[in-house]
Each structure stands twice: as C-alpha cells, then as structure tokens.
Amino acid sequence: MTAADRRVALSTLRAPMHLCQLRVALVFTCLSFACAGPRTSESTPTPTPTPTPADPSPEPATTVPNSTLVLHPELARYVESLQPELATIPDERKQTLDQIAEFVQTERAAGRTAKLVFICTHNSRRSHMSQIWATTAAAWYGVEGVEAYSGGTEATAFNPRAVAALQRAGFALEAPPEGDNPHYLLDYSPERPPIEAFSKVFSTPSNPQAEFAAILNCSEADKACPFVAGASLRISLAYDDPKQADGTPAEQARYDERCRQIADEMFYLFSKVGA
C-alpha cells in the first residue's frame, strides 16, 4: 500500500469518530437549554411591598372605650353618636367639668364613694337629666364607686316633656306612673337596675347629707344656694331651661337639644375620670 493509500484509509476511519463527538456535543447542548429554561435579556426583580403607616391614635376625649356594658339598642346608638361632639364642648365648660372629674377621682382614690347631687329650682327637668346621664356615663366608662342624685330648692314633679326627651334618646320607661309627683323608673341597661326619678328637695333624707358635690344646674338655684350644707364641693354648671319653649312649635326640639347637651357633658366628664 502506498503512502497515499494509507492517508485515505486513516481519514475514512476518523470520520465516524468525529460524527460521534458531534452528536454527543449536540445532546449536551440541548440538555443545558432544557435545564436552564428560557433566557431573557434582563432579569426583573420582584418589588418589595411598602408597609402602610398605621393611622394615628385618636384624641382620648373623643374616643369611646371598649365598654362591656350592654345598653338598650336605641340608647347605644345615641351614645355612639355623641362621641365626635365631646371635643366641641366649649373650653370654659370643660374647665368646670374637669373640676367635677377631679372631685370624683379624689373621692375614689380615698376609698370613698363619689356622690354627685345635681340641683335646680324645681327638680323637674335639668337636674333629672343630669342625674340620669351621669349614672349612664359612669356605667358606660366602667367608673365604679359613683352615685348620682338630684334635688331642687322646692319639689314639684319630673316634667313629662323631659321624660319624653329621654325616651327619644333610648331610655326605656317602666310602667308609666300616676299622681302629682310620680316616681318614674328609667331603664338604660338590662345589666343595671333602673334609675328612680321623682321631684324632691335636695336635702331630702334619701340624698347624701355630707361629703358630696353640689352641682347647680340653673342660675336661680345658684343664687338661692350660695352655701350648701354638707357639700365638699359646690360648683355651678348651669343649663338653659327648656321650659321656655313649652307650648310652642319648638318645644320638642328644645328638650332634645338640652338632653343632648347634658349627655355630651356627662360623657365628657366621665371620659376624663376613666382616662
């Protein structure tokens, strides 16, 4: 065999080996693409969510605490609607209410029951509303050791117009009473006893005789009682008399307005005690 023939034979033997190497290379290339998956020109990172800032805490004076007291449904809705109004009470009235709140705090801190006696001339409208709303507000805010009373410089009767305003706010009236000076039972919660309300003088034996706050709800009583025997605190918290609208088209609106003003201020007062 000549040298030229040997070169041709050798090249013939090498050709199958090149083809095998080519096939192996192609197989590895395909496997690499299958494992790597599709390729893009640039990789886009997943954005990290930005935390949303929490809402700031509301002002304490306009916040209703998580009361465990169960109120009658209509009254509960009324009480909830009061909360935004507490911040709108004029500063000079807040100062007076703060003094009463301080009295309540001091008495309770000393281990005594804080006794509040609301006084107006006839114990027929404003003083009753104040007593009833104070009792309700103290219970709503969970302020124990508080008792609210009312009385007048003279006794007449709890005016039915004032009773009706409280009913419209959501208080339940048990068995309407009879007589010249009926004893009403106003119910605000199935968990608490009803509030008995009737007209009496502020010094009646059923009212506190010592270590109480005397809260004057009308200018006439304020003038008539410059000194209240037995009172640890005497303070004026006067309200306009809704009686001025009796027998007029504005009668119901005036009583509702006074009822709501007193409710606002009693809830403000006990929100400060409970703070």
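The values are calculated or read from the model by the stated rules, or taken from the named source; none is laboratory data. Everything numeric here is computed off the predicted structure, so don't read it as measured data. No Cβ is skipped: glycine too gets one built from the backbone with ideal geometry, and neighbour counts run over all protein chains shown. Areas reflect the complete protein model, heavy atoms only, side chains present, ligands, DNA and RNA absent. Shrake-Rupley method; radii C 1.70, N 1.55, O 1.52, S 1.80 Å.
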**OP:** Go through the stretch 194-209 residue by residue and tally those that are surrounded by 15 or more Cβ atoms within 10 Å (Cβ to Cβ) and free of Cβ contacts under 8 Å to residues at least 12 places away in the same chain.
**Re:** 0
**OP:** Kindly indicate whether residue 122 is more than 26 Å from residue 68 (Cβ to Cβ) and in a loop (DSSP other than H, G, I, E, B).
**Re:** yes
Original post:
Limited to the stretch 109-118, what total is found for residues that are open to solvent by 50 Å² or more (accessible area, probe 1.4 Å) and touching a residue at least 40 places away in the same chain (Cβ under 8 Å)?
Top reply: 1
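Condition check ((1) closer than 26 Å to residue 144 by Cα; (2) not aliphatic (A, V, I, L, M)) across all residues:
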residue	(1), (2)
204	yes, yes
217	yes, yes
253	no, no
260	yes, yes
269	yes, no
Original post:
For residue 220, are the conditions met, namely being within 23 Å of residue 74 (Cα to Cα) and open to solvent by 50 Å² or more (accessible area, probe 1.4 Å)?
Top reply: no
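Restricting attention to the stretch 204-222, which residues are at pLDDT below 95 and of a type in the set (S, T, N, Q)?
Across the stretch 204-222, the qualifying residue is only 219.
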**OP:** Could you please find all residues in the stretch 137-164 being in a helix (DSSP H, G or I) and in contact with a Leu (Cβ under 8 Å, 6 or more places away or on another chain)?
**Re:** 137, 139, 140, 163
Subject >> Condition broken by residue 178, with the remaining ones in (1) open to solvent by less than 40 Å² (accessible area, probe 1.4 Å); (2) without any contact (Cβ under 8 Å) to a residue 24 or more places away in the chain satisfied >> reply: (1)
**OP:** Give 258, 254 a once-over and let me know the one that is touching a Pro at 6+ places or on another chain (Cβ under 8 Å), free of Cβ contacts under 8 Å to residues at least 24 places away in the same chain, surrounded by 18 or more Cβ atoms within 10 Å (Cβ to Cβ) and not in a loop (DSSP other than H, G, I, E, B).
**Re:** 254
Original post:
With respect to the numbered conditions (1) surrounded by 21 or more Cβ atoms within 10 Å (Cβ to Cβ); (2) closer than 17 Å to residue 136 by Cα, which one is the sole condition not fulfilled by residue 242?
Top reply: (2)
Original post:
How many of the residues making up the stretch 150-175 are farther than 12 Å from residue 124 by Cβ and either touching a Lys or Arg at 6+ places or on another chain (Cβ under 7 Å) or in contact (Cβ under 8 Å) with a residue 60 or more places away in the chain (or both)?
Top reply: 8
